[in-house]
Amino acid sequence: PKPTTDKVTFAQVYYEWSATHYSTITPKRKQILTAAYNSCPQLHDEYWRDVGLVEMQAAVDALTDKYYPRKNMKALFAGMGEYAIITGYAEKSYAEYIKLPPEPIPHKTPFTPAEAQKLWDCYNSTGNIYAGATLLMIYTGMRLGELLGLKAEDVHIEDGYICLLYTSPSPRD
């Protein structure tokens with residue numbers, strides 16, 4: 001039997017929600033959301049009606065990890081909050097108001113001129129195709145998938161260019 005609206009706990013909402021939601025997502029996403037749930041044990045025995053923005057924000061802030069674990073916990077709270085509204089356990093979800101730290105900016109280190117020269121030396125002395133492919137990506141900005149998708153007729157060495165035409169894959173691809 002379902003608990004009454006006033007007596008449902010955070011854990012009960014999680015187990016009811018996850019019983020249906022987890023069958024619709026990937027195993028990796030399930031693992032991520034389960035980890036988020038396990039990261040907030042202080043909420044598990046609380047009544048859902050007593051878990052508001054302050055409690056959710058405190059649980060998010062208690063994570064010592066940076067951005068992504070906190071974002072996953074916010075996603076967990078959003079899913080549970082939506083479920084709680086649908087089932088009548090709550091009238092409002094507070095997850096959208098949770099503040100996250102700034103998203104990290106990925107730092108990409110380009111090849112140094114000395115590293116590029118080592119690749120040139122390797123390619124010129126041995127014809128190593130991996131060194132050549134890496135050099136091609138360095139100087140053109142192509143990604144590996146783009147490089148692997150090239151056709152011989154797209155490469156015009158004599159004229160010094162590569163023809164890259166992007167087309168959207170058809171629905172049948």
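The values are calculated or read from the model by the stated rules, or taken from the named source; none is laboratory data. Just so we're clear, the structure is a prediction, and the values are computed from it rather than from any experiment. Methodologically, a virtual Cβ is constructed for each residue, glycine included, from the backbone with ideal geometry; neighbour enumeration extends over all protein chains shown. Just the protein is used for accessible areas: all its heavy atoms, side chains included, with ligands, DNA and RNA removed. Shrake-Rupley method; radii C 1.70, N 1.55, O 1.52, S 1.80 Å.
Across region 114-131, rounded Karplus estimates of 3J(HN,Hα) from the backbone phi angles (6.51 cos²θ - 1.76 cosθ + 1.60, θ = phi - 60°) give 5, 5, 4, 5, 4, 5, 4, 4, 4, 5, 5, 8, 10, x, 4, 5, 5, 5 Hz, Gly and Pro being marked x. Against the chain, whose longest principal axis is taken from its Cα atoms, helix 10-21 shows a tilt of about 50°. Annotation note: trypsin sites (Lys or Arg not before Pro) in region 93-136 located in DSSP loop regions with a Cβ neighbour count of at most 16 within 10 Å are Lys99, Lys108. To the nearest 10, the accessible area of Asp65 is 80 Å² with a 1.4 Å probe. Assuming a ≥ b ≥ c are the square roots of the Cα gyration tensor eigenvalues, decide whether the chain counts as rounded (a/c under 1.5), prolate (otherwise, with a/b larger than b/c) or oblate. Here the chain falls in the prolate category. Other residues whose C-beta falls under 15 angstrom from the C-beta of Tyr67 contribute a net charge of +2, scoring Lys and Arg +1 and Asp and Glu -1. Among Met73, Met137, Met56, determine the one that fluctuates most according to a GNM of the chain built with springs between C-alpha atoms less than 10 Å apart. Of Met73, Met137, Met56, the Gaussian network model singles out Met137 as fluctuating most. Note on region 61-173: Lys pairs 8 or more places apart or on different chains, Cα atoms under 22 Å apart, count 8.
I'd like to know how region 60-133 sits against the 2.2 N^0.38 Å rule of thumb: what's its Cα Rg over that expected value? Present the calculation step by step, with values, prior to reporting the outcome.
On the way: Rg = 24.2 Å, N = 74, 2.2 N^0.38 = 11.3 Å.
Relative to the rule-of-thumb radius for its length, region 60-133 sits at 2.14.
Only DSSP H runs of four or more residues enter the estimate; each adds -39500 (n - 2.57), and after division by the residues of the chain the mean residue ellipticity at 222 nm equals -16000 deg cm²/dmol. Within the listed set Thr109, Thr64, Thr34, the Gaussian network model of the chain (springs between alpha-carbon atoms below 10 Å) gives the highest mean-square fluctuation for Thr109. Taking Cα centre as origin and charging only the Cβ of basic (Lys, Arg, +1) and acidic (Asp, Glu, -1) residues, the dipole magnitude of region 1-158 rounds to 200 debye. Annotation: Cys163 carries an accessible surface of approximately 50 Å², with a 1.4 Å probe and no ligand, DNA or RNA atoms counted. Rounded to the nearest Hz, the phi-derived 3J(HN,Hα) couplings of region 55-66 under the Karplus curve 6.51 cos²θ - 1.76 cosθ + 1.60 (θ = phi - 60°) are 5, 5, 5, 5, 5, 5, 5, 6, 5, 7, 5, 8, where x marks glycine and proline.
Amide H contacts for Thr9 (H built 1.01 Å from N in the peptide plane; partners 5 or more residues away or on another chain; cut-off under 5 Å): Trp48.
With a 1.4 Å probe and all protein chains in place, put Ile129, Ile25, Ile105 in order of accessible area, largest first. Don't skip to the end; give the middle numbers.
Working: Ile129 120, Ile25 45, Ile105 150 Å².
Ranked from most to least accessible, the order is Ile105, Ile129, Ile25.
Starting from the residue with the highest accessible area, list Val54, Val13 in decreasing order, probe 1.4 Å.
Val54, Val13
Which of Arg70, Arg29, Arg143 moves most in a GNM of the chain, Cα contacts under 10 Å? Of Arg70, Arg29, Arg143, the Gaussian network model singles out Arg143 as fluctuating most. Applying the criteria of a DSSP loop state and at most 15 other Cβ atoms within 10 Å to the GluC sites (Glu not before Pro) of region 63-130 yields Glu91.
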